[in-house]
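A.B. asks: Here it is, the structure in full.
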Amino acid sequence: MKFTAIVVFIAITLTGCGSNIFSDGTAADTPMGQSGNTALEAPLGSDNKNAKETLNEIKRVLIVVDSASERQYLVELLTKNGFLVSTSADSAQTMKVLKEASADALPNVILMDVLTGQNGFKLTGALTRDERYAHIPIIMVIAKNQDADTVWGMRQGATDFVVTPVDPDDLVQKINAFVE
């Protein structure tokens with residue numbers, strides 16, 4: 001099975017170092033793929049091969065957004081559609097979440113918004129140049145009527161983009177296209 005990852009970056013303000021939100025709405029403070037994340041653990045009695053196949057079947061999205069309301073909307077939308085969602089508020093937090101994730105538990109997609117500090121464009125460029133993360137597709141979230149942002153995001157290595165306000169069906173379709 002071919003493993004494809006997608007990165008979608010949206011700016012959201014969070015406290016702590018990131019959270020995993022499971023499709024049942026519960027949250028965990030452990031990074032993607034670390035012990036304690038019950039959604040990623042193998043069933044009792046399973047062998048390592050089956051556990052790895054199960055882990056690879058999970059559709060993981062990392063949302064990088066600094067707006068709490070936008071982040072909450074995206075978390076609810078994506079968990080309702082069966083995605084395992086992790087969130088980050090800024091570039092430093094995003095890099096920490098990615099570095100702490102095992103290779104098998106990296107996000108399949110990153111949803112990236114323009115951020116304050118090291119902005120989403122710079123982070124997108126850094127991720128696409130880093131061999132550990134270059135395979136992960138990044139979907140930029142661009143404000144309506146900001147054609148320059150779309151061009152600049154694509155030049156930095158973004159794989160695709162969505163325009164705000166985000167069309168739920170369009171976003172889910174774009175993420176699924178990269179995951180499947």
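The values are calculated or read from the model by the stated rules, or taken from the named source; none is laboratory data. Quantities reported herein were computed from a predicted structural model and do not represent experimental measurements. Note that we place each Cβ from the backbone using ideal geometry, even for glycine, and neighbour counts take in every protein chain shown.
A.B. asks: State yes or no: is residue 85 buried (at least 22 other Cβ atoms within 10 Å of the Cβ), out of contact with any helix residue (DSSP H, G or I) (no Cβ under 9 Å at 6 or more places or on another chain) and modelled with pLDDT of 95 or more?
C.D. replies: no
A.B. asks: Here is a follow-up. Filter the stretch 127-145 down to residues that are modelled with pLDDT under 95 and surrounded by 15 or more Cβ atoms within 10 Å (Cβ to Cβ) and give me whichever is nearest to residue 103 (Cα to Cα).
C.D. replies: Among residues in the stretch 127-145 that are modelled with pLDDT under 95 and surrounded by 15 or more Cβ atoms within 10 Å (Cβ to Cβ), the one nearest to residue 103 (Cα to Cα) is 140.
A.B. asks: Please work out which one of (1) farther than 18 Å from residue 134 by Cα; (2) modelled with pLDDT of 95 or more; (3) of a type outside the set (Gly, Ala, Ser); (4) out of contact with any helix residue (DSSP H, G or I) (no Cβ under 7 Å at 6 or more places or on another chain) is the condition residue 98 fails and give its number.
C.D. replies: Status for residue 98: all satisfied but (1).
A.B. asks: Filtering the stretch 48-66 down to residues that are part of a helix (DSSP H, G or I) and either of a type in the set (Gly, Ala, Ser) or at pLDDT 75 or above (or both), which residue is farthest from residue 80 (Cα to Cα)?
C.D. replies: Among those residues, the one meeting the criterion is 51.
A.B. asks: Of everything in the stretch 109-142, what is aliphatic (A, V, I, L, M) and more than 28 Å from residue 82 (Cβ to Cβ)? Give them in sequence order.
C.D. replies: Correct list: 126 only.
A.B. asks: Given the residues 91, 69, which is the only one that is polar (S, T, N, Q), without any contact (Cβ under 8 Å) to a residue 60 or more places away in the chain and in contact with a helix residue (DSSP H, G or I) (Cβ under 8 Å, 6 or more places away or on another chain)?
C.D. replies: 91
A quick yes/no check of all residues on (1) closer than 19 Å to residue 70 by Cα; (2) buried (at least 20 other Cβ atoms within 10 Å of the Cβ):
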{"residue": "120", "(1), (2)": "yes, yes"}
{"residue": "153", "(1), (2)": "no, yes"}
{"residue": "157", "(1), (2)": "no, no"}
{"residue": "165", "(1), (2)": "yes, no"}
{"residue": "171", "(1), (2)": "yes, yes"}
